[in-house]
Amino acid sequence: DDFFTAQRDNALTYDDVSLATNYTDILPRNASLATSLSDRLMLNLPILSSDMDTVTEYQMAIHMALCGGMGIIHYNMPYREQVSQVTRVKYHINGLLPNPITIPIHLKIGDVLKLIAEKSYKFRTFPVVDENGRLAGLLSSRVVKERYSALEVKDAMEPLDHVHAMNEKDVLHDPIRVADKFFSENIGINKLLVVNSDGFLKGIVSLSDIERINAESQSVLKPARDSNFRLVVGAAISAIRKPDGSLDHDAIAEHVGNLVAEKVDAVAVSTAHGHSAGVGETVKFVREQFPDLTIIAGNVTSASGVEYLADCGANAIKIGQGPGSICTTRIVAGVGVPQLTALYVAAQGAKKKGVKIIADGGITKSGDMVKALTLSDAVILGGMLAGCREAPGELIEINGKLYKQYRGMGSISAMEKGSASRYGQDKKDTTRKLTAEGIEGMKEVQGTVSETLAPLAGGIQSGMGYLGAATLPELKSKARYVRISSAGMKESAPHDVIEISKRG
Ligand code: RVP
C-alpha cells in the first residue's frame, strides 16, 4: 500500500516495477497455482483465454481447461453456435460421458451416416436404444460405412447380450478407476456402457478417454474440471438491447438459460466499459435468474467500478482498459489507466466487497503474470495465445513464415461481425460511423496451447519461489515492489550479448 500511495501521481504498468525477493523455503515446483473465481469455480492455473473471435472457440477452451485454466468462448457468432461449442468442451474426455448420443433402433445405417454428416460427429460408435429408450445394443464403427447403407441398425449392431454393460451402482462411485480395471480385464473392448437397473443407458466410458486421463495425471498442468469431471468452460454474453435501446431481458434469459442447460461454468458480461448502467443491469438480471451461476463482468479500472459490479452480483471482475496489445482505446478515446495501478485500485474495491479480480490485457511475459497475480486472482491472455494451433482462424503465409490473424474486438471488422455493442456502438446506427478502438493484426504461429502455457506456469512458480509464496493468496500478501528506471529496464532484459537460443 505504501508503495502505491507514494506513487500516487504516477500510474504504473508491469514494466515500471520489479518484485523484491523474500526469504523462502518454497521450491518453484511445489508452489500451487490453484485459484478460484467464485466459491464454485476452481482452476488449477490462474490463466483464462480471452473471449475474442481470434482467440477462443471450443478447441482453445478444451486445451485451456486441459492445462488447468479456462477459455471464455466469444460471442461473435449466433448464440446457438456458441452454446453448441460449450457442449463440445463439456463432452471432451469425460471419463463417464453422461447422456451419450444414441441411435434409435428403427434407423438404417444410411440414416446414421446422414446424421453424422449433419451434426459433424467425430465418432462412429453409438449405443442403440429401443422404442422405450432402453439400451438395445452397440453399433460399432466397423459397420457404420457407406457400403452397408441399406442395412437395418437392428441387424448390424451387436445385440445387448454381446455388449459389455455395467450397472451404475458399481461405477458411479469412482468411474475412472472402475473403467481402468474393466479395460485391463476385458482385452480388446474399448467401450463400457453404464445402465441403471431398468436397462436405461446412463453413460458410456471410452478406453481412449481413460488412457488420455491417465496420461494427463502424469503432466505438470492438471486439468480444470467441474464436479462431474467435465472440463470447465466460460462463455461471453453481451447486454442485448431491443431496437428502442432498452435491455432485452427475454433474449438475455434465453441465451444464458441455454448456456446453463449445457452446464457452462461461467458467463462473462464483456464490454469495454463495465461501470455502466447497461452492464450493471445485465449482471443484476442474470444474477436474479441464475443465483448459482458464476458471473464475470467488466471491464473496469477503478475501485468504484469493481464495487458497482460486485453490488450488481458479479463474482469476478475483469480489470483493464487500454492495455491490450491490439487495443487503441487510450489513443482513440484518451481513456484508461496503466495496468498495474488499475489492478491496485481495483484490488482495494475487491477486498471491500469480497469479489475476485482478473487482470485483462497487456501481458507479454510470465514476469507480467507474477506482477499481475500479486494483486489479482487470475489473468486473461489474448495476444499470447492467438498464434497457437488451437486458436481459430486461417494460417497466413508470408515469405515462408506462418502467421494467424489476431484482431481487437473493437476493430471495424470484428464490430461488423457483432461486437460493436461491447464498445457502446451499433453497426446499424446511421448517425455515427463505427469508431475503431482496436486494430487488426497477426501473430507468428507458435505451437500448441500446452507448449505455450507450460513455461508460463513455470515462470509464475519461479516468481512465487523468489517471494517465498506457496500459494497465490500468499503471493499477494508477500509482494513488495521496486520502481524501475529506464536504465533498470535495459538491465532487466538480456543485453550486450548476441542471442543465439531463445528456448523456453
Ligand atoms: P492482449 O492479451 O494484450 O492481447 O489483450 C487482450 C485483451 O484486450 C482482451 O482480453 C480484451 O480485454 C482487450 N481487447 C479486445 N479487443 C480489444 C479492442 O479491440 N480494443 N481490446
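The values are calculated or read from the model by the stated rules, or taken from the named source; none is laboratory data. The structure presented is a predicted model; accordingly, all values stated were derived computationally and were not measured. Cβ sites come from the backbone with ideal geometry, for glycine too, and all protein chains shown count toward neighbours.
May I ask you to list the residues in the stretch 414-434 that are within 11 Å of the ligand (Cβ to nearest atom) and of a type in the set (S, T, Y)?
Listed by number, the residues that qualify are S419, Y423.
In the stretch 404-413, which residues are buried (at least 17 other Cβ atoms within 10 Å of the Cβ) and either more than 8 Å from the ligand (Cβ to nearest atom) or outside any loop (DSSP other than H, G, I, E, B) (or both)?
K404, Q405, Y406, R407, I412
Within the stretch 480-490, is even one residue in the same structural domain as Q321 (by TED's automatic domain parsing), assigned to a strand (DSSP E or B) and either hydrophobic (A, V, I, L, M, F, W, C) or without any contact (Cβ under 8 Å) to a residue 60 or more places away in the chain (or both)?
yes
Out of all the residues in the stretch 59-74, is one or more modelled with pLDDT under 95, surrounded by fewer than 17 Cβ atoms within 10 Å (Cβ to Cβ) and at negative phi?
Within the stretch 59-74, not a single residue is modelled with pLDDT under 95, surrounded by fewer than 17 Cβ atoms within 10 Å (Cβ to Cβ) and at negative phi.
Inside the stretch 318-343, can you point out the residues that are of a type outside the set (V, I, T), surrounded by fewer than 23 Cβ atoms within 10 Å (Cβ to Cβ) and more than 8 Å from the ligand (Cβ to nearest atom)?
R330, A333, G334, G336, P338, listed by residue number.
Among the residues of the stretch 202-254, what is the count of those that are exposed (fewer than 13 other Cβ atoms within 10 Å of the Cβ) and basic (K, R)?
Adding up the residues that qualify gives 1.
Is there any pair with a first residue in the stretch 408-420 that is of a type outside the set (F, W, Y) and a second that is part of a loop (DSSP other than H, G, I, E, B) and near the ligand (Cβ under 8 Å from one of its atoms) whose Cβ atoms are under 6 Å apart and which are 6 or more apart or on different chains, and what are they?
Hits for this filter: G408/I326; G408/I439; M409/M52; G410/E437; S411/A436; S411/I439; I412/A436; S419/M409.
Scan (1) surrounded by 18 or more Cβ atoms within 10 Å (Cβ to Cβ); (2) in the same structural domain as S325 (by TED's automatic domain parsing) for the single condition A34 breaks and write down its number.
So A34 meets the others, but not (1).
So which of A297, A235, A268, A239 ends up being under 21 Å from the mean Cα position of the chain (by Cα), of a type in the set (A, V, I, L, M), in the same structural domain as Y58 (by TED's automatic domain parsing) and at pLDDT below 95?
A239
Table: residues versus (1) within 24 Å of G324 (Cβ to Cβ); (2) of a type in the set (S, T, N, Q); (3) in a helix (DSSP H, G or I).
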| position | (1), (2), (3) |
| --- | --- |
| G245 | no, no, no |
| H255 | no, no, yes |
| K263 | no, no, no |
| H273 | yes, no, no |
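Counting only residues that are more than 16 Å from the chain's Cα centre (by Cα) and over 30 Å from A253 (Cα atoms), give me the strands (runs of 3 or more DSSP E) lying completely in the stretch 58-141 with at least 3 of them.
Answer list for the stretch 58-141: 126-129, 135-139.
Check I500 against each of (1) under 30 Å from D244 (Cβ atoms); (2) more than 23 Å from the chain's Cα centre (by Cα); (3) not polar (S, T, N, Q) and name the one condition it does not meet.
(1)
Looking at the stretch 378-405 only, could you name the residues that are of a type outside the set (A, V, I, L, M, F, W, C) and within 15 Å of the chain's Cα centre (by Cα)?
Matches in the stretch 378-405: G382, G383, E390, P392.
If we only count strands (runs of 3 or more DSSP E) wholly inside the stretch 350-403, which ones have 2 or more residues that are within 15 Å of the ligand (Cβ to nearest atom)?
So the answer is 356-360, 378-381.
Which pairs do you get when a residue that is on the phi > 0 side of the Ramachandran plot and surrounded by fewer than 21 Cβ atoms within 10 Å (Cβ to Cβ), found in the stretch 443-468, comes within reach of a residue that is among the charged types (D, E, K, R) and in a helix (DSSP H, G or I), reach meaning Cβ atoms under 7 angstrom, with the pair 6+ apart or on two chains?
Listed by first residue and then by second, the contacts come to G468/K478.
Among the residues of the stretch 273-301, write down those that are within 16 Å of the ligand (Cβ to nearest atom) and surrounded by fewer than 24 Cβ atoms within 10 Å (Cβ to Cβ).
H273, H275, S276
Could you tell me which numbered condition D360 fails, if it satisfies all but one of (1) among the acidic types (D, E); (2) under 25 Å from A493 (Cα atoms); (3) at pLDDT below 95?
So D360 meets the others, but not (3).
Exactly one condition in (1) among the basic types (K, R); (2) in contact (Cβ under 8 Å) with a residue 24 or more places away in the chain; (3) farther than 27 Å from G133 by Cα is not met by R230; state its number.
Looking at each condition in turn, R230 falls short on (3).
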